[in-house]
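Undergrad: A single structure is presented below for examination.
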Amino acid sequence: MPPPSAAAATRPETVAAPQRGSRTRRATLFLGLAGCVALLVAVSWLSVAVGSKQIPLSTVFDALRHYDASDTDQVIVHSLRVPRTLVGLLVGAALGLSGALMQGVTRNPLADPGILGVNGGAALFVVAGIYWFGLTSLTAYVWLAFAGAAAASVAVYALGSLGHEGATPVKLALAGAALTAMLGSLTTALLIGDVNTFDQFRFWAVGSLAGRGFDIVGQVAPFILIGIVLALFSGRVLNALSLGDDVARSLGQRVGVARIFTAVIVVLLCGAATAAAGPIGFVGLTIPHVARLVTGPDYRWILPYSMLLAPILLLGSDVIGRLVAQPGELQVGIVTAVVGAPFFIALVRRRKLADL
């Protein structure tokens, strides 16, 4: 045992070393975020500049700086590609954050927008609007899908809260799976009963950014922006919930209130994203795991990384879909499934999914 004087001399070094390590890690993570921002800007530019129709870069710049409505190419950039890119940014950020929130609050590494019935509820409401009221506009689909997503999420939480234990992660997952199956059956029953309803619905159900204008951006942006702000402030709550209910309570966390708060954010983000672009798979499921590989289990970092990485994947997939099937396009929901599925399988094989 060293003499007291020697121990006192070495203590500042032993304390300073972890502090330096913590500062270095924090600086590295901030640099990583800056890199994600730079990559997101590059992908956004590709989304505006690249498409099934070749348009000179000078025309793209002119459309952004000095828009001329008499130039057909500038109209394509201004009216189609710019709002499409904005929808991709909003929807991607919303899906990435909602996936991270779902996996954190349910402590389920396979949680995605389907587990709380968001996709199922949105699809049923859209089909019902087409079937009974003959609605055909995307604007109508947005509000129907948003209402359906919110109603289904509330129903799942109400079912999962039954019993003396309240809304546990397992009960929420089971309630979500059961309600999703029931909503899917009802949706299928309506679709097979009317060909016109099926024709209208299938373009929305595959998940797409094409054809979304500034009106769609204006309708979903307030919900997604509010959800983003609330989500970025929920990192400490998710860190506590990830330790288990008993530990969270011992840390002063009100578990039931925290779950309701998180569920409201998920409805805002995932409901608006699904309403704008239809159900898009693998983004909310895969991106939080990618972020976790970089940041570790701290949700204060997982959330902002998920918010930036998800639109990179979504817009990148949308650009690929425009290029590989020229002169037509592949829907972004198909491309994300093709790209995301192998990537997710690779993550599973690395056995990192349990590290929530």
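Undergrad: Could you put Trp301, Trp132, Trp143, Trp45 in order of accessible surface area, largest first, with the 1.4 Å probe and the full protein assembly present?
TA: Correct descending sequence by accessible area is Trp132, Trp143, Trp45, Trp301.
Undergrad: Also: When only the heavy atoms of the protein chains count and the probe is 1.4 Å, how do His78, His66, His289 rank by accessible area, highest first?
TA: Of His78, His66, His289, the descending order of accessible area is His66, His78, His289.
Undergrad: Among 216-226, 254-264, how do they line up by average Cβ neighbours within 10 Å per residue, starting with the highest?
TA: Sorting 216-226, 254-264 by mean packing, highest first, produces 216-226, 254-264.
Undergrad: Using θ = phi - 60° and the Karplus relation 6.51 cos²θ - 1.76 cosθ + 1.60, list the HN-Hα couplings for the stretch 23-35 in order, rounded to whole Hz, with x at every Gly or Pro.
TA: 5, 5, 5, 5, 5, 5, 5, 5, 4, x, 4, 4, x
Undergrad: Would the stretch 121-241 count as rounded, prolate or oblate if I go by the C-alpha gyration tensor, calling it rounded below 1.5 in a/c and otherwise prolate when a/b exceeds b/c, oblate otherwise?
TA: oblate
Undergrad: Let me ask another. Could you work out the helix-only [θ] at 222 nm for the chain, with each DSSP H run of four or more residues adding -39,500 (n - 2.57) and the total divided by the number of residues, to the nearest 500 deg cm²/dmol?
TA: Counting only the DSSP helices, I get -25000 deg cm²/dmol.
Undergrad: For the chain, what is the accessible area per residue in Å² when the probe is 1.4 Å?
TA: So the chain comes to 46 Å² accessible per residue, rounded to a whole number.
Undergrad: Compute the Cα gyration tensor for the stretch 232-291, then decide on rounded, prolate or oblate, letting a ≥ b ≥ c be the square roots of its eigenvalues: rounded whenever a/c is under 1.5, prolate when a/b is larger than b/c in the other cases, and oblate in all that remain.
TA: Verdict is prolate for the stretch 232-291.
Undergrad: In Å, what Kirkwood hydrodynamic radius results for the chain from the alpha-carbon pair distances?
TA: 21.6
Undergrad: Taking amide H positions as placed in the peptide plane 1.01 Å from N, state which residues far from Ala325 in sequence (5 or more) or on other chains have amide H under 5 Å from it.
TA: Result for Ala325 returns Leu330.
Undergrad: Farthest toward the dipole's positive end in the chain, which of Gln331, Ala178, Leu230, given Cβ charges of +1 (Lys, Arg) and -1 (Asp, Glu) about the Cα centre?
TA: About the Cα centre, the residue reaching furthest to the positive side is Leu230.
Undergrad: Another question about this same structure. To the nearest 0.05, how large is the calculated FRET efficiency for Ile260 and Asp194 if R₀ is 51 Å and r is the Cβ-Cβ distance?
TA: 0.85
Undergrad: What Kirkwood Rh does the stretch 23-110 have if only Cα atoms enter the pairwise 1/r average? Answer in Å.
TA: About 15.5 Å, per the Kirkwood formula over Cα pairs.
The values are calculated or read from the model by the stated rules, or taken from the named source; none is laboratory data. Nothing here was measured: the structure is a model prediction, and the numbers come from that model. Positions of Cβ are generated from backbone atoms using ideal geometry, with glycine treated the same way; all protein chains shown enter the neighbour counts. Only protein heavy atoms, including side chains, enter the accessible area calculation; ligands, DNA and RNA are left aside. Shrake-Rupley method; radii C 1.70, N 1.55, O 1.52, S 1.80 Å.
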